[in-house]
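Visitor: Mind looking over this structure? Questions follow.
The values are calculated or read from the model by the stated rules, or taken from the named source; none is laboratory data. All values reported here derive from a predicted model rather than from experimental measurement. No Cβ is skipped: glycine too gets one built from the backbone with ideal geometry, and neighbour counts run over all protein chains shown. Just so you know, the surface numbers come from the protein's heavy atoms only, side chains and all, with ligands and any DNA or RNA stripped out. Shrake-Rupley method; radii C 1.70, N 1.55, O 1.52, S 1.80 Å.
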Amino acid sequence: MNDLLKFPFYAKLTLVLLSLIAIIFIFYIGQNILVPIMMSFLFAILLYPIVQFLKSKLYFPHVLAVMLAVLLFVLLFLGLFVFLSFQISDFADDFDKIEKNITIHISNIQRFLREHFNLSSWEQKQYLDTATEDSMKKGKEIIGTTLMSFTDTLLNLTLIPIYTFLILLYRTHFLLFLSKLFKKENHEQLKNILTNIRVAINSYIVGLIIETILVSVMTTIGFILIGVKYAVLLGVVTGILNLIPYIGILFAGILSIIASLTGSPDLSIIIGVIVVTIFVQLIDNNILVPIIVSSKVEINAFISIIGIIIGGAIAGIAGMFLALPIIAVLKVIFDRIESLEPWGYLMGDHLPKTYTWHSIKLPLFDSDASSKKTIIKTDLIVPIFTETTTENNTENKPKTDLNKTSEFI
């Protein structure tokens, strides 16, 4: 007897759209709960190899290994926070210089407009007052929203390490829960999906960390060469903001231009900051991202931008950061379920990257030249489901044990 119900296309499309609306609505109203949990899952995947190393090489108990891995993770972020705090406090002392230099540049702009467009200083002031009249009202609202967002961020920063610890502690329990949701004949497919999700997410996160370090170093060196004050601070901030796809570098560039006014009102410094930022971005987008950050699952730029916009609309900066990992997970799932495979293809990027012209490799943007399916290859052992739910009961069992072979997180 066939248990599957067949629906016409319009019914399927309606169900898909209703499901998407429901999922987006749930994410929107529950973002304060779901965002920290999702961030914790990403960090748990990142810390899992450290936990395994502490257990297998140093013979730490499971609970102690998880606790130590999370503690090292927290200490790393605290060290970065302390460094930035000291640098920002020094930067704040030079705010008067920034204000003075901005005034000089505004005066130069006003003189240019007066000489070339016959706009008097009074007329320019009138235009500015009209343009900023509503901005002052909105500014107060933005400040209030920012303070509330800052409070939520502090709460999330407290919850994320706790969630990460618990996810690592109960990973076997969660994995067995997933196995109980599906029939035994589907376990092999489930194991393959979970393994490849871990590979894709781990590859993406590690790539982002390496990219952040390299962008920070290159930006710092560039700012030092052109004589920008607080070059190290601006380099680190640029690397961190670069984690926000597409728009993070714009904020970093604006901040760097403003910070460059602490040293000199010279326009050449501002031009130098713009040149360094553009040069670093060219290297990042054309070399670092394809080589280092490129995940095992390739996502086309169109879907990436849409996902980032939707993520930003739902959960702000955190949503923009989580957008690409979530899309990568969805693509892994869609590619391995026959009825959802067209959606996985839609999200993928099957364009050939280069073509050879007179022995020179150049970018190729011909969608008809290649339609190869993206396949994730891994040597990791797929998880084997058992009826064990505790770490202590699984440590002394054969290699077929879930604790020894699970690669979910």
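Visitor: If you check Ile45 against the conditions, is it closer than 20 Å to Gly311 by Cβ and exposed (fewer than 11 other Cβ atoms within 10 Å of the Cβ)?
Guide: no
Visitor: Looking at (1) buried (at least 16 other Cβ atoms within 10 Å of the Cβ); (2) at pLDDT 85 or above, which is the only condition Thr262 fails?
Guide: Going through (1) buried (at least 16 other Cβ atoms within 10 Å of the Cβ); (2) at pLDDT 85 or above one by one, Thr262 breaks only (2).
Visitor: Just to be sure before I move on: is Thr220 among the β-branched types (Val, Ile, Thr), within 21 Å of Pro325 (Cα to Cα) and touching a residue at least 12 places away in the same chain (Cβ under 8 Å) in the structure I sent?
Guide: Here the answer is no, as Thr220 does not meet what is asked.
Visitor: Now for a separate question. Would you please name the residue that is modelled with the lowest pLDDT, looking only at residues in the range 16-62 that are of a type in the set (Val, Ile, Thr) and closer than 22 Å to Trp343 by Cβ?
Guide: Per the stated criteria, the residue is Val16.
Visitor: Can I ask one more? Among the residues of the range 320-331, is there at least one that is under 22 Å from Phe25 (Cβ atoms), in a helix (DSSP H, G or I) and over 12 Å from the mean Cα position of the chain (by Cα)? If you could, list the steps in order and put the result at the bottom.
Guide: Going through the range 320-331, the residues under 22 Å from Phe25 (Cβ atoms) turn out to be 320-327, 329-330.
So of that shortlist, the ones also in a helix (DSSP H, G or I) come out as 320-327, 329-330.
Those still in the list that are over 12 Å from the mean Cα position of the chain (by Cα) too: 329-330.
Taking every residue of the range 320-331 in turn, at least one turns out to be under 22 Å from Phe25 (Cβ atoms), in a helix (DSSP H, G or I) and over 12 Å from the mean Cα position of the chain (by Cα).
Visitor: Which residues, counting only those in the range 185-202, are open to solvent by 30 Å² or more (accessible area, probe 1.4 Å) and under 17 Å from Phe321 (Cα atoms)?
Guide: Asn202
Visitor: Next up: Looking only at the range 221-256, which residues are open to solvent by less than 20 Å² (accessible area, probe 1.4 Å), part of a helix (DSSP H, G or I) and farther than 18 Å from Leu46 by Cβ?
Guide: If the condition is that a residue be open to solvent by less than 20 Å² (accessible area, probe 1.4 Å), part of a helix (DSSP H, G or I) and farther than 18 Å from Leu46 by Cβ, then Gly222, Phe223, Ala231, Leu233, Leu234, Gly235, Thr238, Gly248, Ala252, Gly253, Ser256 are the ones that fit.
Visitor: Test of understanding: among Gly272, Gly253, Gly248, which residue is within 21 Å of the chain's Cα centre (by Cα) and modelled with pLDDT of 80 or more?
Guide: Gly253
Visitor: From the list Leu54, Leu64, Leu71, pick out the single residue that is farther than 30 Å from Phe27 by Cβ, in contact (Cβ under 8 Å) with a residue 12 or more places away in the chain and not charged (D, E, K, R).
Guide: Result of the check over Leu54, Leu64, Leu71: Leu54.
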